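The numbers here are math on the coordinates, done by the rules we state, and not lab data. These numbers come from a predicted model, not from an experiment. Here the Cβ positions follow ideal geometry from the backbone for every residue, glycine too, while neighbour counts run over all protein chains shown.
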Protein chains: 2
Amino acid sequence: MNTKAVFYHAGCPVCVTAEQQFVDNLKSPVESVHLGLQKNRLDEALKAGVKSVPALVVDGNVFHINYGAGIEALINS
Amino acid sequence: MNTKAVFYHAGCPVCVTAEQQFVDNLKSPVESVHLGLQKNRLDEALKAGVKSVPALVVDGNVFHINYGAGIEALINS
């Protein structure tokens, strides 16, 4: 992984397990962003192509994990 | 990650990117299983709870990545 990796989540159980089980196990550093608390990062996540959380963005590639909650739910909450 | 991690895939572009971008970046060793070629591993994947590929199974937790192809497609092919 060349550029910074970002793990977008909303603090749900799937998010927490995903973070513990494999995001914390990545060799490169990953920034964890709780979109429920950091609403100012929603635009950035949308621009990166995030459609649901949890999602890992690495080198411009988006990896949605386990059909999580749609990002619209976070925008409208 | 305590037990062995297994990355189930079918060689599709999403699978290859996911494998390169983050499976290869995990600190612990991960076994990569191409379910299109290793049909004998389908039962094992189903028992682990895999519903679509690519999917990473770690310590009994299944992480489906990016709404991939349903595993049924591999069973019937």
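Couplings for segment B:62-77, taken from phi via the Karplus curve 6.51 cos²θ - 1.76 cosθ + 1.60 with θ = phi - 60°, read 9, 10, 6, 10, 6, 6, x, 5, x, 5, 4, 4, 7, 5, 8, 8 Hz in order; Gly and Pro are left as x.
At an R0 of 41 angstrom, the distance between the Cβ atoms of B:SER28 and A:ASN76 translates into a FRET efficiency of 0.60. Ranked by the mean number of other Cβ atoms within 10 Å of their residues, highest first, the peptides B:13-20, B:36-43 come out as B:13-20, B:36-43. Placing a label point 7 Å from Cα along the Cα-to-Cβ direction at A:ALA48 gives distances to the equivalent points in the other copies of 2.6 nm, listed shortest first.
Take A:TYR67, push a point 7 Å out from Cα through the beta-carbon direction, and compare it with the same point in every other copy: 1.1 nm, smallest first.
Determine the shielding of peptide B:63-70 by partner chains: average, over its residues, the number of Cβ atoms on other chains within 10 angstrom of each Cβ. Can you show the working numbers first?
Values: counts 10, 4, 6, 8, 5, 1, 0, 0.
Average neighbour count from other chains, rounded to a whole number: 4.
As a quick test, which of the pairs A:LYS4/B:LYS27; A:LYS47/B:LYS51; A:LYS27/B:LYS4; A:LYS4/A:LYS39; A:LYS27/B:LYS47; A:LYS51/B:LYS39 have an alpha carbon distance above 26 angstrom in this structure? Too far apart for the 26 Å limit: A:LYS47/B:LYS51; A:LYS27/B:LYS47; A:LYS51/B:LYS39. Distance distribution P(r), the protein assembly as shown, all Cα-Cα pairs, bin width 10 angstrom from 0: 11, 43, 33, 12, 1 percent. Shape class of segment A:1-66 from the Cα gyration tensor (axes a ≥ b ≥ c, square roots of the eigenvalues): oblate, since a/c reaches 1.5 or more and a/b does not exceed b/c. So if I place +1 on the C-beta of Lys and Arg and -1 on the C-beta of Asp and Glu, and nothing else carries charge, what would the dipole magnitude of segment A:7-76 be about its Cα centre? I want it in debye, nearest 20. I would put it at about 80 debye. Of all DSSP bridge pairs formed entirely within chain A, close to 65 percent run antiparallel. Note on A:26-34: average number of Cβ atoms from other chains within 10 Å of each residue's Cβ is 2.
Under 5 Å between amide hydrogens, built in the peptide plane, is the criterion, and for B:SER32 it picks out B:PHE7 among residues at least 5 positions away or on other chains. Averaged over peptide B:11-18, the number of partner chain Cβ atoms lying within 10 Å of each residue's Cβ comes to 1.
In whole angstrom, note down how far apart the Cα centers of segment B:1-69 and segment A:1-60 are. So the two Cα centres are separated by 19 Å. In this rough spin-label picture, where each label sits 7 Å from Cα along the Cβ direction, the B:ASN40-B:VAL16 distance is 2.7 nm.
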